[in-house]
Amino acid sequence: MWRALPPDPQQVKLLKKAREKHDLKPLVIHDNYLINLASCDEDLRTKSVAAFRGEIERALAIGAEYLVAHPGSCKGHTVESAIHAFARSLGEAAGGLKTRGLKMLIENTAGAGQILGSRFEELAVLRKVATQFTDLEIGFCIDTCHCLASGYDVSTSKGLKETVQTLDGILGLENVPVFHANDSKTPLGSHRDRHEHIGEGYIGKEGFRRILSHPQLRGKAFIAETPYDAEGDDLRNVQALWNLCPKSRTTTKKSS
């Protein structure tokens, strides 16, 4: 839904106590999938701005470190117009809010239709233009399924090496604190966003073993967004990641 209630103060206190007790960090939340900050339809853009402002306010209220958002779609308009709409919308949504301590992360996409953000170069431009409209810190969240679907081969040793080098060269790994760990139901370059259980898709167990063990990625937070087809799937996917990663790593399951 477009409208959402503010978090209950008592629940916020319990969340903060639980985080302190169990050393849970970072706290990463995702915006509403209805939001399209890049829309050139003024009615949809206005609704998206209001909804995203609410997301920022809730993130600040619960003490989240990161707010992940899809860049949006430029359906019916040029990419340039959509990028400008995204930047303007973000500036309006964050206007007047004290956002220190919160960083927005633009998530890469699979590249279906006219959705922005499937190429690292486009993500870099989105961030560059947006910083002209807002003081809100902006980084990136990289989804492994979306990488493969958009043409970055993270499933092989050679492909992962090239992808990480490209990622670092264009976006800077220091600007990528969070990864979404998802296998892919569809092959390299399919441009289809279809998540699969860890090790059961086109990335595979060995692909994730390499990703989780990569020396430049070992300090990142990995969050599973895998399917929930049966009771216990969330725990099984997290356990699958634990079994494939170095012992010092931590993985979590995103709540929905």
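The values are calculated or read from the model by the stated rules, or taken from the named source; none is laboratory data. Model, not experiment: these values are computed from the prediction. Ideal geometry is used to build each Cβ from the backbone, glycine not excepted, and the neighbour counts take in all protein chains shown. All accessible areas refer to the heavy atoms of the entire protein, side chains included, with ligands and DNA or RNA removed. Shrake-Rupley method; radii C 1.70, N 1.55, O 1.52, S 1.80 Å.
Remarks
- Sorting 191, 214 by solvent-accessible area of protein heavy atoms yields 191, 214, largest first, with a 1.4 Å probe.
- More than 14 Å apart - percent of Cα-Cα pairs taken over region 194-237: 54
- Structural descriptor for region 1-82: relative contact order 37 percent, calculated from alpha carbon pairs under 8 angstrom and at least 6 residues apart.
- Surface composition of region 4-158: carbon plus sulfur atoms hold 54% of the accessible area, using a 1.4 angstrom probe and ignoring ligands, DNA and RNA.
- Whole-angstrom gap from region 49-114 to region 118-150, using each part's C-alpha centre: 10
- Value in Å of the Kirkwood radius, where region 113-179 supplies the Cα pairs that are averaged: 12.6
- Theoretical gain in end-to-end length, residue 42 to residue 61 [0.36 nm per residue, Cα-Cα removed]: 4.0 nm
- Semi-axis lengths (Å, descending) of the ellipsoid that matches the C-alpha gyration tensor of region 79-119: 24, 14, 6
- Under the combined filter of DSSP loop state and at most 16 neighbouring Cβ atoms within 10 Å, region 128-162 retains none of its chymotrypsin sites (Phe, Trp or Tyr not before Pro).
- Only alpha carbons enter this Debye calculation for region 93-216, each as an equal point scatterer, and the log10 of I(q)/I(0) it gives at q = 0.12, 0.14, 0.19 Å⁻¹ is -0.45, -0.60, -1.00.
- Nearest-0.05 FRET efficiency for residue 205 and residue 1, computed from C-beta distance (R0 35 Å): 0.40
- Antiparallel DSSP beta bridges within the chain, percent to nearest 5: 10
- Within region 81-111, trypsin sites (Lys or Arg not before Pro) in DSSP loop having at most 12 other beta-carbon neighbours inside 10 Å: 98, 100
- Accessible area expressed per residue, the chain, with surrounding protein chains retained (probe 1.4 Å, Å²): 50
- Note on residue 170 and residue 218: their simple-model spin labels are 2.7 nm apart, each label 7 Å out from Cα toward Cβ.
- Taking all pairs of distinct alpha-carbon atoms in the chain, Kirkwood radius in angstrom: 18.7
- Residues of region 107-142 with amide N under 15 Å of a point placed 7 Å along Cα→Cβ from residue 79: 108-129
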